[in-house]
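See structure below.
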Amino acid sequence: MKSTVTLEEVVNKLDHLASPLSTRMPNIKVFSGSSHPDLAQKIVDRLGIDLGKVVTKKFSNMETCVEIGESVRGEDVYIVQSGSGEINDNLMELLIMINACKIASASRVTAVIPCFPYARQDKKDKSRAPITAKLVANILSVSGADHIITMDLHASQIQGFFDIPVDNLFAEPAVLKWIKENIPDWKTSIVVSPDAGGAKRVTSIADRLNVEFALIHKERKKANEVASMVLVGDVKDRIAILVDDMADTCGTICHAAEKLIEAGATKVYAILTHGIFSGPAISRINNACLEAVVVTNTIPQERHMQDCPKIQCIDVSMMLAEAVRRTHNGESVSYLFSNVPY
C-alpha cells in the first residue's frame with residue numbers, strides 16, 4: 001500500500017530542515033584592521049562583497065579607539081588583522097574590534113590572522129621563559145573570538161593552545177604552483193630546510209614535487225644569531241630551493257644560501273611564507289647569493305619589494321577568501337590544504 005504525502009507536508013518538512021541553517025548562517029561582514037588593509041580588500045573582492053565600515057584611531061595618550069560603522073547584530077563577522085608592523089598596537093586593535101563586535105550582538109566573530117603574532121614564543125626553551133603564544137591565544141578567546149583562521153603557524157601545536165576552533169591553512173599549494181611556473185628545471189631541483197624544525201614541511205613539498213630533499217642543521221648562540229651550520233644531503237650541480245615558514249633578520253637564510261653554493265648548488269631560491277624582514281634583512285638579501293626570495297602577502301611586502309628587487313610575492317588572498325566563504329557556508333576547508341582555489 002503506497003503512502004501519499006501532501007504538498008503542504010513537503011513544504012513543512014523543507015521549512016523544518018531550512019530553519020536551523022538560516023539561524024546558523026547569518027549574513028556576512030568582513031572588517032579590516034590597520035595592519036594589512038590591502039589583503040582585506042583582496043579578500044572581499046574575491047567574495048564579491050564590500051568591506052565593512054570601521055574607523056580605528058588613537059587618542060593623544062596613544063590608547064586605541066575603534067568605531068564599528070555599521071550594524072553587526074546577528075551577523076557572521078570576520079576581522080582581518082595580520083601580526084606585522086607595530087605588532088603590539090595591531091594585536092590590541094584586533095582584540096578591541098573583536099570585543100566591539102561581540103558586545104554589539106554579532107552572531108559569530110572570526111579573527112583572520114594571516115601571520116600569527118608571538119608564534120615563535122611557543123615553549124619554555126630556557127628557565128623562566130614565557131609561553132607568549134599561549135597568552136595571545138588566551139586573550140583572543142577572552143576578547144570574544146569564536147574562531148581563528150591563520151596560515152603556516154610556526155608550530156602547529158599552537159592550535160592546541162586554543163579552546164576554540166583554529167583553521168591553520170598551508171601556503172604549500174601556492175608554493176608548489178609558483179615553483180612549477182617559475183623554476184624551469186624544478187624536476188632536477190632539491191628542496192632544503194634551513195633548520196631541523198622545518199623538516200616535515202620540506203619533506204611534504206619534496207614528496208609532492210617528487211624530488212629529493214636536504215637538511216641544514218644549525219646551532220644558535222643566541223636569538224637571531226647562528227653559530228654553525230652542517231649540510232645533510234647532496235646538492236652538487238642542482239638548483240636548491242630553501243623553504244621555511246618565516247624570515248625575520250634573514251641571517252639563517254643567507255648563511256644557508258652560502259653553504260649551499262659552497263656545496264656545489266648552481267642556484268639558490270628561498271621560499272618563505274611570512275617575510276618579516278626586520279633589521280638588516282633587506283641589505284643581507286641584496287648581498288646574498290640568492291636568485292629570488294619568494295614570500296606570500298600575509299605581511300605587506302610593497303615597501304620590501306621596492307627596496308630589494310630579489311623579493312617576489314605570492315598572493316594568498318584567494319586561499320583566505322575561500323576559507324572565509326567555506327566557514328560561512330558550513331563547508332569543509334580541508335580542500336585548501338592541498339589545492340589552490342582558482
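Across segment 255-342, Cα-Cα pairs more than 22 Å apart make up 42 percent of the total. Only protein heavy atoms count here; under a 1.4 Å probe, Y118 has an accessible surface of about 70 Å². Using a cutoff of 8 angstrom between alpha carbon atoms and counting only pairs six or more residues apart, the relative contact order for the chain works out to 13 percent.
Accessible area per residue of the chain at 1.4 Å probe, in Å²?
Heavy-atom accessible area per residue stands at 50 Å².
Along segment 322-339 the Karplus relation, 6.51 cos²θ - 1.76 cosθ + 1.60 evaluated at θ = phi - 60°, assigns HN-Hα couplings of 5, 5, 5, 4, 5, 5, 4, 8, x, 9, 6, 9, 5, 4, 6, 5, 9, 9 Hz to successive residues, with x for each Gly and Pro.
Residues in segment 60-76 carry Karplus couplings, in order, of 5, 8, 6, 5, 7, 10, 10, 10, 7, x, 8, 5, 10, 4, x, 8, 9 Hz; the curve used is 6.51 cos²θ - 1.76 cosθ + 1.60 with θ = phi - 60°, and Gly or Pro positions show x.
With an 8 Å Cα cut-off and a minimum separation of 6 or more residues, compute the relative contact order for segment 227-326 in percent. Display every interim value, and only then the final one.
Details: 170 pairs, mean separation 24.3, N = 100.
Once divided by the residue count of segment 227-326, the mean separation gives 24 percent.
Mean residue ellipticity, 222 nm, helices only, the chain: the sum of -39500 (n - 2.57) across DSSP H runs of n ≥ 4, divided by residue count and rounded to 500, is -10500 deg cm²/dmol.
Send over the per residue convex hull volume for segment 238-300, Cα only, as a whole number of Å³. Write down the numbers at each step before the final one.
Numbers: hull volume 4.2 nm³, N = 63.
Expressed per residue, the convex hull around the Cα atoms of segment 238-300 is 67 Å³.
Based on Cα contacts under 8 Å between residues 6+ apart, segment 65-153 shows a relative contact order of 32 percent. Each pair of Cα atoms in the chain enters the Kirkwood radius, and Stokes-Einstein at 10 °C and 1.306 mPa s then converts it into a translational diffusion coefficient of 73 µm²/s. With no solvent and one point per C-alpha, what does the Debye sum give as log10 I(q)/I(0) for segment 104-214 at q = 0.11, 0.17, 0.23 Å⁻¹? Computed log10 I(q)/I(0) values: -0.49, -0.89, -1.21. Among the listed pairs K126/K218; K57/K123; K124/K200; K57/K126; K180/K310; K259/K310, those with a Cα-Cα distance over 28 Å are K57/K123; K57/K126. According to the Kirkwood relation over distinct C-alpha pairs, the hydrodynamic radius of segment 157-218 is 13.2 Å.
Sparse packing (at most 11 other Cβ atoms within 10 Å of the Cβ) combined with a DSSP loop state is found for the following trypsin sites (Lys or Arg not before Pro) in segment 202-297: K236.
The values are calculated or read from the model by the stated rules, or taken from the named source; none is laboratory data. All figures in this text were calculated on a predicted structure; none of them were measured in a lab. We place every Cβ from the backbone using ideal geometry, glycine too, and count neighbours over all the protein chains shown. Please note that ligands, DNA and RNA were not included when accessible areas were found on the heavy atoms of the full protein model with its side chains. Shrake-Rupley method; radii C 1.70, N 1.55, O 1.52, S 1.80 Å.
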